[in-house]
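Read-outs: derived from the displayed coordinates by stated rules, not from any lab. These numbers come from a predicted model, not from an experiment. Ideal geometry is used to build each Cβ from the backbone, glycine not excepted, and the neighbour counts take in all protein chains shown.
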Number of protein chains: 2
Amino acid sequence: MRVGFLGPAGTFTEEALRASAPSPVEEMPYATVREAVMAVQHGHADRAVVPIENSLEGSVTATLDALAGDAGDVRIVLDVVRPIIHCLIGRTGTRLEQVRRVVSHPQAIAQCEGFLRARLAAAEVTPATSTAEAVRAVAGSAEPWAALGSRLAAALYGCPVLAEGVEDRPGNETRFVWLAPVADARVPDATKTSLVFWGPGDRTPGALVGVLHELSDRGINLTKIESRPRRVGLGHYMFFLDLDGGEHDPPVAAALEALARRVESLRVLGSYPSAGAA
Amino acid sequence: MRVGFLGPAGTFTEEALRASAPSPVEEMPYATVREAVMAVQHGHADRAVVPIENSLEGSVTATLDALAGDAGDVRIVLDVVRPIIHCLIGRTGTRLEQVRRVVSHPQAIAQCEGFLRARLAAAEVTPATSTAEAVRAVAGSAEPWAALGSRLAAALYGCPVLAEGVEDRPGNETRFVWLAPVADARVPDATKTSLVFWGPGDRTPGALVGVLHELSDRGINLTKIESRPRRVGLGHYMFFLDLDGGEHDPPVAAALEALARRVESLRVLGSYPSAGAA
C-alpha cells in the first residue's frame, strides 16, 4: 500500500503514520498537505496521512480546504491523536548555549517561543517550510545552528537532540487523519462523522441555528465546529462539523437527510472510528 | 496619537492604517500582531491597527487569540475592509523573466501560486516573515530576486513594480480592526458587536445551539462564527461571534445578558461602526 504524507521524511506526520499503520507500507512524502490529499484523489497514492487539527494552533486549514474543495472523492477513514514533542536538534559538537540560529516551521517556533526567549534569546530565528526541512538544513550546515523538530527527524538526519520537550505548554497534541478513495471508505465500526456545508445564500451564520437544531433535536453530540471562508468574498463561510456517531446510525442518517434539505451544499468528509479528543 | 501596526514599514496593514486614519498619526511598527495588540494593552500605543480576517485565508488567528487572551483591556473600535493587491517587486533593472527567486510571506505566496507557476515556474520560492520584509530583502540584495508585496512597500524601498494584481483570485480583501484601550472605546454609532465565549465544560459545541437561540429568538443576525482551540487540549473551543447591532441596542443588550448566564466566560471584544462585508 502506497501511503502519501506531509513530508519530507521526519515530519510529525510521518511519526503519526508509522505509529498507526496497520502493517508496513510504502511511504511517499509530499511537499504540501494539498499534494498529499490530491495524490489520493488522482489515484497516485492508496492512502494519505495529514494533520487536521492541533490543540494549540487549531485547524490545519490546508487540509480542510482541500477536503471541502477539489478532493471530492477522498474520505477520512480514521483519525489518530498524537502528542507533539518538539526537540531542539543541533549538529554533533554544537552545545545548546552555542546556538546562533534556530530554524523551524513557524508553528513550531510559535509553540516554543517561551523556551527560545528564555534559553536562546540571542539566536536569530529563521522560518522553514517544515520541521523536517529545518533539521535537514541544520544537518547540512557548518554553522552553529539548531532546528526545532521531531525525534524521528533527528534520527533520520543523524543529528543529536540538544533538548527534548521544549514546547511551552504541555498537552500539545495533533489529530491526524488517514484518507482513502471513497470506494475504499466503507468503515463498519464508525463512531464519528465529519461533514462540511454552506449556504443557503450569504447569511449562513444566521441559518446555522436551524442546522444545529437538526442535530440537537436528535440527541446528536457535536464535538467540533469550524467556519472557513468560501473564498468568494468576506462574509461567505463554510462550516465543518464533527459529530458523534456513524453516518449510517439511524439518528445521524436522519439528521444528514434533514441537513441536506436546509443547506446549499453538504458533503460527508468521512465516517470513521475515532481516537477521540484527549 | 501613537498608532501601532503590524510592521515593518510597507505592510498591507500600514496601507490600511493610512487609508483610514482620521488625521496624521505617529506610526509605530511592531514585529508581530501580538506585540501591536499588547502595546495598546500596556499603554505604549494609543491605538493599533491589525488584520483580523482575509477573504481567502480566513481569520488571522494571532489577532483572535490576543484579543481573547491577555489583551483584556483592549477593544475593537472600528473595522475597515481593504482590497489586497499583490505586486511582484524587483530591483531596478531586473526584468520579470530574469527573476530566479521569489521572496514573500507564506500567505502571499499561497495567494499568488497560480501566477508563480505560470510565469516564474523556475524561480525558487523563499518564505519571509512579512511581505514588507521580503521587499526589504530584495531591495538589499544584488541578485535577480523579486518579492510579493504592497505598492506602498515598493515605493518605500525604491523598487519598481514588475507586475501588479498577481493574486490568483479577484476579490481578495482583508478586514482590519482599529484597537483602543477600553476607557476610550465608547463608540456612539456602533452597528456591529464582536464577542468571544467558551464553556460550560468540555462540550461547548453541543451547547452552541442554545447560545445561538438567544440571538435568533431576538431577531439578531449573526455575520460570523469562528471556533478556536482554548489551548488546553483537543476538543476545548472558544467561539468568536460577530453580530449586527451595537451592544447597547436593547435586543443585543438583552441577548448578551442571557448569553452570560449560559456560558462560562463571555467577553465583548468591541462594538463599533462597521465597514460591512463586501
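Rounded to the nearest 500, what is chain B's calculated 222 nm mean residue ellipticity when only DSSP H runs of at least 4 contribute -39500 (n - 2.57) each, over all residues?
Working: 9 runs with 80 residues, N = 278.
Value at 222 nm, helices only: -8000 deg cm²/dmol.
Arrange B:ARG267, B:ARG261 by Cβ neighbour counts within 10 Å, fewest through most, would you? Before the final figure, lay out the partial values.
Numbers: B:ARG267 15, B:ARG261 8.
Fewest-to-most ranking of B:ARG267, B:ARG261: B:ARG261, B:ARG267.
What is the local net charge at A:VAL268, summed over the other residues whose Cβ is closer than 12 Å to its Cβ (Lys, Arg +1; Asp, Glu -1)?
Details: positive: A:ARG75, A:LYS192, A:ARG267; negative: A:ASP242, A:GLU247, A:GLU257.
Cβ neighbours under 12 Å give a net charge of 0.
In a GNM of chain B with a 10 Å cut-off on Cα contacts, which of B:ASN54, B:ASN172, B:ASN221 has the highest mean-square fluctuation?
B:ASN221
Check cross-link reach from B:LYS192 to the lysines: straight Cα distance under 29 Å, and skip same-chain residues fewer than eight apart.
A:LYS224, B:LYS224
Once you've got the GNM for chain A with C-alpha springs shorter than 10 Å, pick whichever of A:SER130, A:SER227, A:SER194 has the biggest mean-square fluctuation.
A:SER227
Could you please report the charge total around B:ASP184, scoring K, R as +1 and D, E as -1 over all other residues with beta-carbon less than 15 angstrom from its beta-carbon? Display every interim value, and only then the final one.
Values: positive: B:ARG2, B:ARG47, B:ARG75, B:ARG186; negative: B:ASP46, B:ASP73.
Within the 15 Å Cβ shell, the charges total +2.
Mind checking the mean number of beta-carbon atoms from other chains within 10 Å of the Cβ atoms in B:116-129? Walk me through the intermediate numbers first.
Details: counts 0, 0, 0, 0, 0, 0, 0, 0, 0, 1, 2, 6, 1, 4.
Mean partner-chain Cβ count within 10 Å for B:116-129: 1.
Once Rh is set to the Kirkwood radius over Cα pairs, what Stokes-Einstein translational diffusion coefficient, in µm²/s, holds for the stretch B:87-164 at a temperature of 10 °C and a viscosity of 1.306 mPa s? Don't skip to the answer; put the middle values down first.
On the way: Rh = 11.7 Å.
Answer from the Stokes-Einstein relation: 135 µm²/s.
Mind jotting down the distance between the C-alpha centroids of the stretch B:86-160 and the stretch B:194-260, whole Å?
Centre-to-centre (Cα) distance: 41 Å.
Looking only at other chains, what is the average number of their beta-carbon atoms within 10 angstrom of each beta-carbon in A:220-232?
On the way: counts 1, 3, 7, 8, 7, 9, 7, 8, 4, 8, 2, 9, 4.
Mean partner shielding for this stretch: 6.
Give me the net charge of B:GLY149's neighbourhood, meaning all other residues with Cβ under 14 Å from the Cβ of B:GLY149; Lys, Arg count +1, Asp, Glu -1.
On the way: positive: B:ARG91, B:ARG136, B:ARG151; negative: B:GLU14, B:GLU15, B:GLU133, B:GLU164, B:GLU167.
Once positives and negatives cancel, what remains is -2.
Kindly express, to the nearest 10 degrees and within the range 0 to 90, the angle between helix A:250-262's C-alpha long axis and the longest C-alpha principal axis of chain A.
On a 0 to 90 degree scale, this one is about 80.
Which residues does a label at A:GLU264 reach in the stretch B:206-226, if reach means a backbone N under 20 Å from a point 7 Å past the Cα toward the Cβ?
The answer is B:221-226, whose backbone nitrogens lie closer than 20 Å to the label point.
Would you please give the FRET efficiency between A:ARG2 and A:GLU113, computed as 1/(1 + (r/R0)^6) with r the Cβ-Cβ distance and R0 = 60 Å, to the nearest 0.05? Could you put the intermediate results ahead of the total?
Values: r = 37 Å, r/R0 = 0.62.
E(calc), rounded to 0.05, equals 0.95.
Give me the compactness ratio for the stretch A:1-91, meaning the Cα radius of gyration over 2.2 N^0.38 Å. Don't jump to the answer; show the numbers that get you there.
On the way: Rg = 13.1 Å, N = 91, 2.2 N^0.38 = 12.2 Å.
Dividing the Cα radius of gyration by 2.2 N^0.38 Å gives 1.07.
Take each of the peptides A:111-119, A:10-18, average the number of other beta-carbon atoms within 10 Å over its residues, and list them starting from the highest.
On the way: A:111-119: 16.3, A:10-18: 23.4.
Top to bottom by mean Cβ count within 10 Å: A:10-18, A:111-119.
Does the stretch A:187-278 come out rounded, prolate or oblate, given a ≥ b ≥ c as the square roots of the eigenvalues of its C-alpha gyration tensor, rounded meaning a/c under 1.5 and, failing that, prolate meaning a/b above b/c? Please report the intermediate quantities before stating the final value.
On the way: a/c = 2.06, a/b = 1.60, b/c = 1.29.
Since a/c reaches 1.5 and a/b is larger than b/c, the shape of the stretch A:187-278 is classed as prolate.
I need A:TRP145, A:TRP198 ordered by Cβ neighbour count within 10 Å, fewest first. Spell out each step's value before the answer.
Numbers: A:TRP145 24, A:TRP198 21.
Ascending number of Cβ neighbours within 10 Å: A:TRP198, A:TRP145.
Partner chain Cβ atoms within 10 Å, averaged over the residues of B:209-216 - can you pull that number for me? Walk me through the numbers before you get to the answer.
Working: counts 11, 3, 2, 8, 4, 1, 3, 6.
Average per residue, whole number: 5.
For the protein assembly as shown, what is the percent of antiparallel DSSP beta bridges, rounded to the nearest 5? Could the numbers behind the result be given before it?
Details: 88 of 120 bridges.
Bridges in the protein assembly as shown that DSSP calls antiparallel: roughly 75 percent.
Per residue, what volume in Å³ does the Cα convex hull of the protein assembly as shown take up? It would help to have the intermediate numbers written out before the result.
Working: hull volume 80.9 nm³, N = 556.
Enclosed volume per residue, from the Cα hull, is 146 Å³.
Using only the Cα atoms of chain A, each taken as one equal point scatterer with no solvent, compute I(q) by the Debye sum, divide by I(0), and report log10 of the ratio at q = 0.07, 0.14 Å⁻¹.
With one equal scatterer per Cα and no solvent, log10 I(q)/I(0) is -0.29, -0.98.
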